[in-house]
Amino acid sequence: MRILRANAFLGISLLAGLTAGCSSDDRKPVFAVAGQVLYEGQPTPHALVTLHPLDPADKSTPRPHGSVGPDGRFTLTTYRAGDGAPPGEYGVTVEWWLTSARAGTAEGDSLPPTNRLPPRYARVETSNLRVRIEAGDNHVPAFKLSR
C-alpha cells in the first residue's frame, strides 16, 4: 500500500512539475487584433489569415491566425479564441480553401478544396502583406487582395 501511495505521489508531483513548465506565465502578452480581407473588392468568407513573425531571432513567437467571416472581417487568435497577437512586426499570409462540393454530394465524388486566391498570398516572401501589432487594441487596415 505504501508503494502504491509513493508511486501516486511521485506521479502527481511529476505531472504538477510538467504542467508548471507549460503555464500561461510562459506566454507572451497578446493584444486584440481585428481586420478585414477583401479579394477584388469582395469579402472572403472562411479564408485563413496567419501572421508570421519577421524577427528571425525570436523563434518562440507563436503564429496568430484567424478565420474570415461572411463580411470579410476577422479577429486573431494566439492562445484562446479571439485573444489577439503579441506585439511585433509580422508578414501576413492569406489562404482561401474552398471546395466545389454541393449539398448531397457523396464523399469522394467532388474535387478536393483549392485555394481561390493567387498563390503569392500563401507565402510570406511573396504576399507583400505586413502588419505591426502594438500594445492595446489593433485595427489593421483592410487587406485588399487582387489577381
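The values are calculated or read from the model by the stated rules, or taken from the named source; none is laboratory data. Predicted model, so just to flag it, every value in this text is computed and none were measured. Heads up, the Cβs are rebuilt from the backbone with ideal geometry, glycines too, and the neighbour counts pull from every protein chain shown.
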query: Any idea which of 114, 126 is farther than 22 Å from residue 86 by Cα and either among the hydrophobic types (A, V, I, L, M, F, W, C) or in contact with a helix residue (DSSP H, G or I) (Cβ under 7 Å, 6 or more places away or on another chain) (or both)?
result: 126
query: Can you tell me which residues in the stretch 96-127 are polar (S, T, N, Q) and at pLDDT 70 or above?
result: 99, 100, 110, 114, 115, 126, 127
- prompt: Using beta carbons and a limit of 8 Å, which pairs, at least six apart or on different chains, have the first residue in the stretch 53-81 and farther than 22 Å from residue 98 by Cα and the second one surrounded by 13 or more Cβ atoms within 10 Å (Cβ to Cβ) and of a type in the set (S, T, N, Q)?
  reply: 53/61; 55/61; 62/78; 63/50
task: For residue 67, state whether it is of a type in the set (S, T, N, Q) and modelled with pLDDT under 95.
output: no
message: For the stretch 80-90, check the following and say yes or no: at least one residue is closer than 18 Å to residue 134 by Cβ, over 14 Å from the mean Cα position of the chain (by Cα) and part of a strand (DSSP E or B).
response: yes
message: Go through (1) surrounded by fewer than 17 Cβ atoms within 10 Å (Cβ to Cβ); (2) at pLDDT 95 or above; (3) touching a Ser or Thr at 6+ places or on another chain (Cβ under 9 Å); (4) among the aliphatic types (A, V, I, L, M) for residue 142 and report which single condition fails.
response: (3)
field: Residues of the stretch 116-141 classified as assigned to a loop (DSSP other than H, G, I, E, B) and of a type outside the set (D, E, K, R), total
entry: 8
